[in-house]
Amino acid sequence: MSKPSIANVLSGLKNRLGDTNSLTIQSSDGHLFDMSFKFNAPIDEDVLNTYESLPEDYKNFLRLHNGTEFFSWEYGTLFAVHSLEEAVSILEKVKTGDYVPMEYKDDWFPIGYVQDIGGLYIDLSSDKNHLILMGIPVYDLLCDFPAWLDRMIRVNGEMYWEWASKEL
């Protein structure tokens, strides 16, 4: 399976949204919910160039939208990707001890959150750049940012990693 393209994933979503930046989704047991989406303006390339260690896929996302909110409704936002400014602010709080997530490692970079779970981090310690979801428990999502974003949009923001199956 080829690696998803951030631009293609977002373009596919936006084509479904139309002018209102909203979408009706079906949840479990046939329940329908109207969800909205917020896409920030692109990041300034000069600002982005000061963060060379970030994965190129994540930078490509910021070049399109410096922060987003996905699947928002009356009870909150199912998941979001921080603006780079928000991510750096969280990182500074983590480093000064003002915000200490459990099991945080120095080479994890905060990029977003998943509602009712916790913060979403990129593990910069390897070239795989796996995403870490910091909640109870802590999940290594075993995928990079483009794969995670593609999956989250295809499953309408559901926590797909909690779905269980067994091959017979």
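Throughout, read-outs are computed from the coordinates displayed, never taken from laboratory work. Keep in mind that this is a model prediction, so the values were computed, not measured. As a convention, Cβ positions derive from the backbone with ideal geometry for all residues, glycine included, and neighbour counts pool all protein chains shown.
Quick one: what are the phi-derived ³J(HN,Hα) couplings along segment 80-87, Karplus 6.51/-1.76/1.60 with θ = phi - 60°, whole Hz, x for glycine and proline?
Computed from phi, the couplings for segment 80-87 are 8, 10, 5, 5, 4, 4, 5, 4 Hz.
Step through the table entries Lys59/Lys128; Lys14/Lys59; Lys3/Lys95; Lys38/Lys128, compare each Cα-Cα distance with 22 Å, and write down the pairs that go over it.
On the way: Lys59/Lys128 15 Å; Lys14/Lys59 19 Å; Lys3/Lys95 32 Å; Lys38/Lys128 28 Å.
Violating the 22 Å Cα-Cα cut-off are Lys3/Lys95; Lys38/Lys128.
Just add up the charged neighbours of Ser72: K/R +1, D/E -1, any other residue whose Cβ is under 12 Å from the Cβ of Ser72. Write out the running numbers ahead of the final one.
Numbers: positive: Lys38; negative: Asp34, Glu69, Glu74.
Overall, the nearby charge balance is -2.
Could I get the Rg over Rh figure for segment 29-109? Both from C-alpha atoms, Rh via Kirkwood, rounded to two places.
Expressed as Rg/Rh, it is 1.05.
Per Stokes-Einstein, at 20 °C and 1.002 mPa s, what whole-number D in µm² s⁻¹ belongs to the chain, with the Kirkwood radius over Cα pairs as the hydrodynamic radius?
The Stokes-Einstein estimate is 128 µm²/s.
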